[in-house]
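Here the structure is laid out as structure tokens; the discussion comes afterwards.
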Amino acid sequence: MSDLNGKIALVTGASRGIGKAIALALADAGADVAFTFLSSKESAEALAEEIRSKGRKANAYQSNASDFSQANELVQKIIQEFGKLDILVNNAGITKDGLLLRMSEQDWDAVIGTNLKSVFNFTKAVYRPMMSQQSGKIINITSIVGITGNAGQANYAASKAGILGFTKSVAKELASRNIQVNAVAPGFVDTDMTAKLTDSQKEAILKVIPMRRTAKPEEIAAVVRFLASSEANYVTGQVLCVDGGMVM
Ligand SMILES: NC(=O)c1ccc[n+]([C@@H]2O[C@H](COP(=O)([O-])OP(=O)(O)OC[C@H]3O[C@@H](n4cnc5c(N)ncnc54)[C@H](OP(=O)(O)O)[C@@H]3O)[C@@H](O)[C@H]2O)c1
């Protein structure tokens, strides 16, 4: 559990949900944690305090993950403040669901920008620093929907499928530099993102989960913590589905 002692992690979109659970899990394993949020300042400050109370360093940064220059400046700032960066978790994400027939260009751009371009932004920003230190872990949060597709989520599924191709390509680029790049594909997790689904949508989803239950954010975070640890040093370019058996 203390494998991440001395490591510095950056988690995007950690004010709530899965990102928050990841930030806490990495801190519990010994890492100092920098994390971003878009608008939930109060919850972000509360999380930073919670991590500090565990004896770890923590800073919350308000930053729009879809903005290329903001991401680049932020990574430089974090490296100055924390001394280095060992682990990047690209977690920030949104949904703007609707059948393609009704999907606006804005809904497409917003989802691709926040979910996919953000992964490019932050990975590019850590690329050189991680190459120079000859080590690093990059973990991208995708979704099983990126593998299976889902009616009403063409934008979301495209963004998550894009993350898969990106993860495997960058894993190949960085493998010889001792930097492992992997993706975690959650199924249905209890967070604000899924709270907006209707009861009938939730019932339909439960029917197709072999384990017949949804995931807790902590169950996704545990897998991220594993991939961030030295126990996963020989794992790269992989997509780990954490979905109660939905995708086999
Ligand atoms: N929940 C699921 O069932 C599920 C399943 C598969 C994959 N995922 C993926 O898991 C990740 C986390 O999802 P979640 O369910 O935890 O979502 P959530 O509860 O809605 O939380 C989203 C987080 O992302 C942040 N965020 C949103 N837009 C941002 C932006 N432009 N820049 C920076 N941060 C931004 C939010 O910050 P604010 O609080 O400031 O808004 C918040 O911290 C997403 O990538 C999602 O696609 C979720």
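A few points about this structure:
- Meets criteria (in contact with an Asp or Glu (Cβ under 9 Å, 6 or more places away or on another chain) and either part of a helix (DSSP H, G or I) or within 15 Å of the ligand (Cβ to nearest atom) (or both)) for residue 171: no
- For beta carbons closer than 8 Å, sequence separation of 6+ or different chains, a first residue in the range 233-248 that is on the phi > 0 side of the Ramachandran plot and a second that is of a type outside the set (Val, Ile, Thr) and part of a strand (DSSP E or B), the qualifying pairs are 237/182; 244/215.
- Candidate set from the range 212-231 (those that are within 20 Å of residue 21 (Cβ to Cβ) and more than 14 Å from the ligand (Cβ to nearest atom)); member that is surrounded by the fewest Cβ atoms within 10 Å (Cβ to Cβ): 231
- Tabulated pairs, the range 181-204, first closer than 17 Å to residue 114 by Cβ and within 12 Å of the ligand (Cβ to nearest atom), second of a type in the set (Val, Ile, Thr) and part of a strand (DSSP E or B), C-beta under 6 angstrom, 6+ apart or interchain: 183/239; 186/242
- Qualifying positions in the range 207-248 - outside any helix (DSSP H, G or I), among the small types (Gly, Ala, Ser) and more than 15 Å from residue 185 (Cβ to Cβ): 229
Table: residues versus (1) closer than 22 Å to residue 34 by Cβ; (2) not hydroxyl-bearing (Ser, Thr, Tyr).
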residue: 69; (1), (2): yes, no
residue: 73; (1), (2): yes, yes
residue: 80; (1), (2): yes, yes
residue: 88; (1), (2): yes, yes
residue: 94; (1), (2): yes, yes
residue: 99; (1), (2): no, yes
residue: 103; (1), (2): no, yes
residue: 109; (1), (2): no, yes
residue: 112; (1), (2): no, yes
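- Restricting the range 133-167 to residues that are surrounded by 24 or more Cβ atoms within 10 Å (Cβ to Cβ), more than 21 Å from residue 208 (Cα to Cα) and hydroxyl-bearing (Ser, Thr, Tyr), the residue that is farthest from the ligand (Cβ to nearest atom) is 167.
- On inspection, residue 7 does not qualify as among the charged types (D, E, K, R), within 15 Å of the ligand (Cβ to nearest atom) and surrounded by 17 or more Cβ atoms within 10 Å (Cβ to Cβ).
To keep it simple, each residue is scored yes or no on (1) in contact with an Asp or Glu (Cβ under 9 Å, 6 or more places away or on another chain); (2) modelled with pLDDT of 95 or more; (3) more than 8 Å from the ligand (Cβ to nearest atom).
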position	(1), (2), (3)
27	yes, yes, yes
31	yes, yes, yes
36	no, yes, no
40	no, yes, no
45	no, yes, yes
48	no, yes, yes
52	no, yes, yes
57	yes, yes, yes
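- Flag for residue 104 being among the hydroxyl-bearing types (Ser, Thr, Tyr), farther than 24 Å from residue 193 by Cβ and away from the ligand (no atom under 16 Å from the Cβ): no
The values are calculated or read from the model by the stated rules, or taken from the named source; none is laboratory data. Predicted, not measured: the structure shown is a model, and the values here were computed from it. Counting neighbours? That spans all protein chains shown, and the Cβs are built from the backbone with ideal geometry, glycine included.
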